[in-house]
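Worksheet: one structure, shown below.
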Amino acid sequence: MISKKPKARTAEYLTGTWREAPIIHLLPISEGHEIAGAEIYFGDEAAVRSDHHSGTTWGVRGQTPEVRATGARFSLKVISAISASGCLRFMVVRGRVAAQQAGEFIQRLMHGARRRVFLILDGHPMRKAKAVQSCVEEHGAMKIFFLRPYSPELNPDEIVWQDLKADGIGKCPVATADELHRRVVDHLETLRGLPRKTRSYFLAPHTQYAA
């Protein structure tokens, strides 16, 4: 036995009886909505901070290496949605994400859509706000469904944030808010041009049900 940092889990996560259900039943699209012909997206939002660091660097044995970074603290919010076909859509927000920003992202997601769009999210109260629901109702071809509570690992879009924070901004310090914005956009634009990589997010053990 060795000492290791534990992974935090909520009590609700650990006692959720739904985890014993067959994986195919986890897709939260209710009866009466035909999946065939629809574009299914999984969406989420995340904060990206200037003081996030990941990875390792070279140093002298016995000495902890130092990396210069700004003492300023700033952050961005990012909303994204991905599909099993490898499509990635995103929007960067300076400030907080509220119902207005969520509605704007829905408008962008539906722009140019030729098929019905099913958007699957976690059950954050903001996403159930009247303003968001009104925006969805404006687009008869769109429906929103919600993942089961305390189950972020079922959302393939969570892996986008892992990729962004580990490879996009975590290994090189940023000095200004504008630089952080540029780095986030550049990384997500690159990822948008790699549909095969986006499709791979649906191959993780807990996301294969959505592929």
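Each reported figure results from applying straightforward, stated rules to the coordinates on display, with no laboratory input. Nothing here was measured: the structure is a model prediction, and the numbers come from that model. Cβ sites come from the backbone with ideal geometry, for glycine too, and all protein chains shown count toward neighbours.
Listed highest first by mean packing, meaning other Cβ atoms within 10 Å per residue, what order do 42-51, 99-108 come in?
Result, highest mean Cβ count within 10 Å first: 42-51, 99-108.
Assign one of three labels to region 84-149, namely rounded, prolate or oblate, based on the Cα gyration tensor with a ≥ b ≥ c the square roots of its eigenvalues; rounded applies when a/c is under 1.5, prolate when it is not and a/b is larger than b/c, and oblate otherwise.
It is rounded, given that a/c, with a ≥ b ≥ c, falls under 1.5.
Go through 174-180, 117-123 and give me the packing order, highest mean Cβ count within 10 Å leading.
Top to bottom by mean Cβ count within 10 Å: 117-123, 174-180.
How large is ³J(HN,Hα), in whole Hz, for each residue of region 122-132 in order, when computed from phi with the Karplus curve 6.51 cos²θ - 1.76 cosθ + 1.60 and θ = phi - 60°, using x for Gly and Pro?
Each residue of region 122-132 in turn: 7, x, 4, x, 4, 6, 9, 5, 4, 4, 5 Hz.
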